[in-house]
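Read-outs throughout are calculated quantities, based only on the coordinates presented, and are distinct from any laboratory measurement. The structure displayed is predicted, hence computed values, not measured ones. Counting neighbours? That spans all protein chains shown, and the Cβs are built from the backbone with ideal geometry, glycine included.
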Amino acid sequence: MNTKKKKSLIYPVLFMTALTLFTTLILAILNQSTLDIVKANQELELRKKILYVFNSYDENMTNDEVNKLFEEKITEEDYKEDMPIYTFKSDEGSLKAIPFEGPGLWGLITGYIGVDESLNNVKGVEFISQNETPGLGGRISENPYKEQYRNIDISGRDNNFIMNNPSPDGNIDAIAGATQTSNFVTQMINKALSEYKGGGNK
């Protein structure tokens, strides 16, 4: 290979290497500079979801109102790794948001189920993460499904706190076309409540 040919290859390689390093540096700087913003937004979204469990979130609330209400009414205690229990001080007494998680059809489903302190009444549910099929299993995150979990009497139940209709003890309608996802959700919620009850109400 002659010198002219070598030079014609070296310059593009050096240029592309320099361009790659420069682009990587810019992306690293942008990523680092937005970490705090991303973290704050994630925390805000979680707070909205926890307030929703307790039926205390309104879509018209400002971010400041969300943070103020959360800090005034809710306390956090360690329970499971990265999934604490949240306690809401209300006129009814202390309400608890218990974490649940389990496999769905396409990945891990995580969320919180709200109950009163005596574990006799379900107050609400919210999903923190899920990867179910949009329009089918993904509808667990939509209000028509979640709102079924408001004020469900579960007194006297030891295991099957939540059951899909048309079971004789059913108290939730499964999502049409997504029976498996609906069953996964009730199973993981029942497991979480049974474990919490077995460990003693906190």
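Couple of notes before you dig in:
- Helix 3-53 vs. the chain, principal-axis angle (Cα, 0 to 90°, nearest 10): 20
- Taking Cα atoms only, the orientation of helix 179-198 departs from the longest principal axis of the chain by about 70 degrees.
- Between residue 10 and residue 26, the modelled labels are 2.7 nm apart [label points 7 Å from Cα along Cα→Cβ].
- GluC sites (Glu not before Pro) restricted to DSSP loop in the stretch 40-129 with at most 12 other C-beta within 10 Å: 59, 81, 92
- In this Cβ point-charge picture (+1 for Lys and Arg, -1 for Asp and Glu), the chain has a dipole of about 1500 debye about its Cα centre.
- Dipole-positive endmost among 55, 83, 189 within the chain (Cβ charges, Cα centre): 83
- The long axis of helix 63-73 is offset from the longest Cα principal axis of the chain by roughly 50 degrees.
- The number of Lys pairs in the stretch 75-198 with C-alpha atoms less than 15 Å apart, excluding pairs fewer than 8 positions apart on the same chain, is 7.
- Its relative contact order, with pairs defined as Cα atoms under 8 Å and 6+ residues apart, puts the stretch 75-198 at 20 percent.
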